Amino acid sequence: MNRPITLCLALASLTPSALADGDAAKPGFTDPGAKRVWKLLESQEPEASAKQMAETLLEEGPELIPALYSAWTGHRPSPSTDQEARATSPTRADAEREAMERALHQYRNTKLPPFLRFVAQNHPAWQERLRLVDLLRSLGDPRSTELLLELSGPFSAEEWRSPVIHGTVSRALQELLGKNPEITFAALRRQWKTLPVPLEILCLQAVTHVGGDEAIPFLLGRIGSSEAGDTLILTTTAWLVGEGASPHRTAVLRRVRNGLTHRDPEVLRAAVAAVAILHDRESTEPLLRLLEQDETITSRVAWESLQTLSGRRLPLRAETWWGWWEAERNWWQEIGSSLESQLESAAPEDCVRLVRDAATHPLYRHDLTDALEAALKREAPWVRSAACAALHMLNSETAIRPLVDALEDPHGAVRAVAYAGLRSITGLEVPPTTAAWSDALQERSRQRTNG
């Protein structure tokens, strides 16, 4: 039986000898409501006594709590006596605990918040706060989110390093978010400015884990609260949006691009990494400028992002990458920008050459996907196969739809190449039919939206 956490249980464990006439002068015993509760302790039916006491406490409201708490702290049994009592009557302790839990569930939306706040304020030990957090999780009411944040806020930076504290609070937040994200998001917005950084980060992680697409506006609205929070938000929103057609992509891109000039190095590196996740071609030149910094951590992160964007493994030398960038822009101006019209009219052998060349320019892969669809309409099956192979190599989310359509191609080789590309891009193992892939992709989209 945990006395500090469940005040009612502690009170129920006191023996009648603690209520002698001389005790009436102690603080708390003069309250009429307190006297009614203490009389219940004389019952010979422990389960009924504990249940009635818990209900009376919660019904009386927060006014009664201080009196009972002061009475309890003034007459708590010694550790040896308490341990002996618990050892000799485990049945009574179990009955009291079960009765208390029933009472708390019955009154969770009315008297529980002031009760927990009072106990938390008078019992600062982290173990007790953590048990209160777990109690809120088990009750599962999203309206308790603000109380959960109040109980978690006082944990020290050292205590936050404990995996027990981190895991318990994280689990509670995620479960409350899962019950009703709208209520929980509103509570988080109201409390955000008062959250210590460790709790802020934990909330961001929980929102990202559970919130899905709905979480993105909330996360973007929190940018600027702290450098640690911004670092997490930039990378997580980039992962949530990815390269797909999310309605939030433009807003995320704007925040990421702003982060490329941030003064804090951690936020800056998070923005650089997010560029690669989003495959944002417009951020190429800012990355190249960061590459000119002399062998710093930031320049190496920029180098890694450039390798992802380009599909090339060039050395970490700024002049080499500036040369690559100049060649890419020239290719786009001369060939890439008009590729669709060329594929519609060129001879089959020229189409294959153009398609294979396009596959070596992943920097423009989103634009090239639309152009390569023209090759999928050509009569020659080897042209269509080459187009599917190029879409596979470009590895863009935008290539999924044309590859699914290609599963109905009359030529078996085209279908086989399209199927290989779909499996590689999505990581899904689905039968090679259009219907099966449509269902699988809808489910994939639903999971991303719902977190």
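Mind listing whichever residues of the stretch 151-173 are part of a helix (DSSP H, G or I) and surrounded by fewer than 19 Cβ atoms within 10 Å (Cβ to Cβ)? Give the derivation first.
The initial filter retains those residues of the stretch 151-173 that are part of a helix (DSSP H, G or I), namely 151-152, 157-160, 163-173.
Scanning the stretch 151-173 gives Ala157, Glu158, Glu159, Trp160, Pro163, Val164, His166, Gly167, Thr168, Ser170, Arg171.
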For the stretch 215-226, which positions are crowded, with 17+ Cβ neighbours inside 10 Å and more than 15 Å from Val252 (Cβ to Cβ)? Ser226
Those residues of the stretch 297-330 that are surrounded by 13 or more Cβ atoms within 10 Å (Cβ to Cβ), of a type in the set (Val, Ile, Thr) and closer than 19 Å to Val267 by Cα come to a total of 2
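Please determine whether any residue of the stretch 380-398 is among the aromatic types (Phe, Trp, Tyr), assigned by TED's automatic domain parsing to the domain that holds Thr434 and closer than 28 Å to Leu287 by Cα. Write out each step before concluding.
First, pick out the residues of the stretch 380-398 that are among the aromatic types (Phe, Trp, Tyr): 382.
Now narrow it down to the ones that are assigned by TED's automatic domain parsing to the domain that holds Thr434: 382.
Imposing the further condition that a residue be closer than 28 Å to Leu287 by Cα reduces the set to none.
No, the conditions are met nowhere in the stretch 380-398.
When you check Glu373 against the structure, is it over 31 Å from the mean Cα position of the chain (by Cα) and in contact (Cβ under 8 Å) with a residue 24 or more places away in the chain, yes or no? Outline the logic, then answer.
On the way: over 31 Å from the mean Cα position of the chain (by Cα): yes; in contact (Cβ under 8 Å) with a residue 24 or more places away in the chain: yes.
Yes.
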Evaluate the stretch 258-266: report whether one residue or more is more than 18 Å from the chain's Cα centre (by Cα), farther than 27 Å from Leu136 by Cα and surrounded by 19 or more Cβ atoms within 10 Å (Cβ to Cβ). yes
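Based on this model, can you work out whether Leu199 counts as at negative phi, within 12 Å of the chain's Cα centre (by Cα) and crowded, with 18+ Cβ neighbours inside 10 Å? Even if it seems obvious, please write down each step before you answer.
Numbers: at negative phi: yes; within 12 Å of the chain's Cα centre (by Cα): no; crowded, with 18+ Cβ neighbours inside 10 Å: yes.
No: the conditions fail for Leu199.
So which residues in the stretch 397-416 are of a type in the set (Gly, Ala, Ser) and buried (at least 21 other Cβ atoms within 10 Å of the Cβ)?
Filtering the stretch 397-416 for residues of a type in the set (Gly, Ala, Ser) gives 399, 406, 412-413, 416.
Correct list: Ala399, Ala406.
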Pair list, Cβ < 9 Å and 6+ apart or interchain, from the stretch 410-437 residues that are within 13 Å of Leu391 (Cα to Cα) to residues that are assigned to a helix (DSSP H, G or I) and of a type in the set (D, E, K, R): Val414/Arg384; Val417/Arg384; Ala418/Arg384; Ala418/Asp405; Ile425/Glu397; Thr426/Glu397; Thr426/Arg444
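Going by the structure shown, is Thr194 of a type in the set (Val, Ile, Thr) and within 12 Å of Ser152 (Cβ to Cβ)? Step through it out loud before you land on a result.
On the way: of a type in the set (Val, Ile, Thr): yes; within 12 Å of Ser152 (Cβ to Cβ): yes.
Here the answer is yes, as Thr194 does meet what is asked.
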Every residue in the stretch 352-370 that is farther than 18 Å from Gly311 by Cβ and in contact with a Phe, Trp or Tyr (Cβ under 9 Å, 6 or more places away or on another chain), please. Val352
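The values are calculated or read from the model by the stated rules, or taken from the named source; none is laboratory data. Worth saying up front: this structure is predicted, and the values here are computed from it rather than measured. All Cβ positions, glycine included, derive from the backbone under ideal geometry; neighbour counts span all protein chains shown.
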